[in-house]
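The values are calculated or read from the model by the stated rules, or taken from the named source; none is laboratory data. Note that this is a predicted model, so its numbers are computed, not measured. Neighbour counts are summed over all protein chains in view; Cβ atoms, including those assigned to glycine, are modelled from backbone coordinates with ideal geometry. Note: areas computed on protein heavy atoms with side chains; ligands, DNA, RNA excluded. Shrake-Rupley method; radii C 1.70, N 1.55, O 1.52, S 1.80 Å.
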Amino acid sequence: MAETFARHDRAASREGRITTMTTVQDLIEFHEITQLKYRYLRGLDTQQWDVLEACFTEDAHAWYTGGAFTHTGRRQIVDFLRELIPPAFVSSHVALHPEIKLTGPTTAEGIWRLQDIVYFTEANPVFDYARIEGGEEMTGAGYYFETYRKEAGEWLIASIGYQRIFEVIERPPARVATELTVGPTRGKRS
Amino acid sequence: MAETFARHDRAASREGRITTMTTVQDLIEFHEITQLKYRYLRGLDTQQWDVLEACFTEDAHAWYTGGAFTHTGRRQIVDFLRELIPPAFVSSHVALHPEIKLTGPTTAEGIWRLQDIVYFTEANPVFDYARIEGGEEMTGAGYYFETYRKEAGEWLIASIGYQRIFEVIERPPARVATELTVGPTRGKRS
Amino acid sequence: MAETFARHDRAASREGRITTMTTVQDLIEFHEITQLKYRYLRGLDTQQWDVLEACFTEDAHAWYTGGAFTHTGRRQIVDFLRELIPPAFVSSHVALHPEIKLTGPTTAEGIWRLQDIVYFTEANPVFDYARIEGGEEMTGAGYYFETYRKEAGEWLIASIGYQRIFEVIERPPARVATELTVGPTRGKRS
């Protein structure tokens, strides 16, 4: 995928022109892929693991944080996320700027801008690189690089990873006079 | 609506497959509904109450902050928002990740991720639960749950509410060496 | 453009109805314009100047920060951005809520909500109005007002500018116990 986008960007800068031929069917596929991504993020931040698990192909591959956290297989990925994200992990992950390309009748790839905010209300040993003892805020921005596969008429995530633009940790001395309230339903309807 | 999405999520997690049949006409309706939402948010943060008022059905129902602020009727909702949001309320509300479903020829429902930032430059008695005395920053994330109705060819908001994932208040001691400048047009073109 | 949107908003508030006639071809054009915008923002935050330069018409006009930074000509705009944005400028600019209108067969205009975060890791003389000495965080929200032109089948940015809702500067005393890490690829794939 990196190659495809790099080629695209080079073509754009060399010629100053890109001839696009988006079809209506493309728009429908792009829409379905965005719905998959939004369901994935809703499962993540509301901590609904069954919603999340249903977003992946069985053989999905994940390389979160630029590859620091790498897992293969839908079950393994979700098991990892459940360990990473206990109830004390209060988060908002948003994805924007989708650049999606169809690469075959049942395959696609996408780049998304990521912004995320996490409040750690307890120590979190999974983030050992960041010494999370509880009371930290972690924010960041980056790009998700994903591939998708359509199985039985439904788009699923076949691979997912991201590279950071930056990551910022605010430790407790930076967070005086700051009050965090977790919503009673944590974003769920009721 | 909660039931519809819950059923959808259960189906997804039970079978691992969702058969989608989005049509081109659906895409056009989804687009129109996003335009309504973006106009609503532009009216809110630029404090253009007539733009905002024109987004609602006459019998609209609002249950902001998980139901803490509940109002029925377009006029009542806008009157409430005008009181809540004086010029000293400097805000940015963004909505992302639309999951919109048509529920009939002239009805639809939608879930959106919300992120908002508010700077209170004066005391605000409406937020009595948060003791706003001026100088606070309030940020938050959540999900909007909305319904829409098409009247005379135009989509309008029939109901709107949200549930918080989290809300954070930074009080003045947290905001030393921090300078807020309000834009000369507050985001309007000129 | 300001006039077009103002007229639109007035019509909405006067009559409470807008008759929309979005076509499938409109959706395809809107999609292409969003792709242009996302490529522009990706070029900006990953500091790929050739990607950025290919987004503009040769005679493009920019009026960033409400006109404080005004430049005409693709080359002049990109030269300005390169000076403004050295490697020590670590940024995330996101654009949301596109309200795009076609104004002719090869012309369009758009409003987008902007949110941006910048970490200055060194002094930056271009931001003289803000006394940037290194160690500051600047965040802001606003609206982009843009026009587009289609040349040889590709949409390009013909003009771009924004008005702030607000801008916030946090100076070093506000940033104790706060650690910034720049990503190894700064958001690029590899």
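Things to note:
- Filtered by the rule that a residue be assigned to a helix (DSSP H, G or I) and modelled with pLDDT of 95 or more, segment B:51-71 gives B:V51, B:L52, B:E53.
- B:G135 being within 14 Å of chain A (Cβ to nearest Cβ), over 22 Å from the mean Cα position of the chain (by Cα) and touching a residue at least 12 places away in the same chain (Cβ under 8 Å): yes
- Under the condition of being touching a helix residue (DSSP H, G or I) at 6+ places or on another chain (Cβ under 8 Å), touching a residue at least 40 places away in the same chain (Cβ under 8 Å) and of a type in the set (V, I, T), the residues counted in segment C:21-70 number 1.
- Residue in segment B:71-103 that is nearest to the other protein chains (Cβ to nearest Cβ), counting only those that are free of Cβ contacts under 8 Å to residues at least 40 places away in the same chain and open to solvent by 30 Å² or more (accessible area, probe 1.4 Å): B:R74
- C:H31 in a strand (DSSP E or B), at pLDDT 95 or above and either more than 30 Å from A:K101 (Cβ to Cβ) or not polar (S, T, N, Q) (or both): no
- Residue within segment C:112-120 that is more than 9 Å from chain B (Cβ to nearest Cβ), within 22 Å of B:S92 (Cα to Cα) and open to solvent by 30 Å² or more (accessible area, probe 1.4 Å) present: yes
- C:Q25 of a type outside the set (K, R) and at the interface with chain A (Cβ under 8 Å from one of its Cβ atoms): no
- B:R74 vs. criteria among the basic types (K, R) and modelled with pLDDT under 95: no
- The single condition among (1) of a type outside the set (S, T, Y); (2) open to solvent by 50 Å² or more (accessible area, probe 1.4 Å); (3) in contact with a Lys or Arg (Cβ under 6 Å, 6 or more places away or on another chain) that A:F56 does not meet is (2).
- Among the residues of segment C:149-190, the one identified as in contact with a Leu (Cβ under 7 Å, 6 or more places away or on another chain), over 30 Å from C:G104 (Cα atoms) and not aliphatic (A, V, I, L, M) is C:F166.
- Test: residue in segment A:159-175 that is at the interface with chain B (Cβ under 7 Å from one of its Cβ atoms) and surrounded by fewer than 19 Cβ atoms within 10 Å (Cβ to Cβ): no
- Total residues in segment B:43-59, condition of a type in the set (D, E, K, R) and within 7 Å of chain C (Cβ to nearest Cβ): 3
- C:A130 touching a residue at least 12 places away in the same chain (Cβ under 8 Å) and closer than 24 Å to B:F120 by Cα: yes
- When A:A68 is tested against (1) more than 10 Å from every other protein chain (Cβ to nearest Cβ); (2) aliphatic (A, V, I, L, M); (3) open to solvent by less than 20 Å² (accessible area, probe 1.4 Å), only condition (3) is not met.
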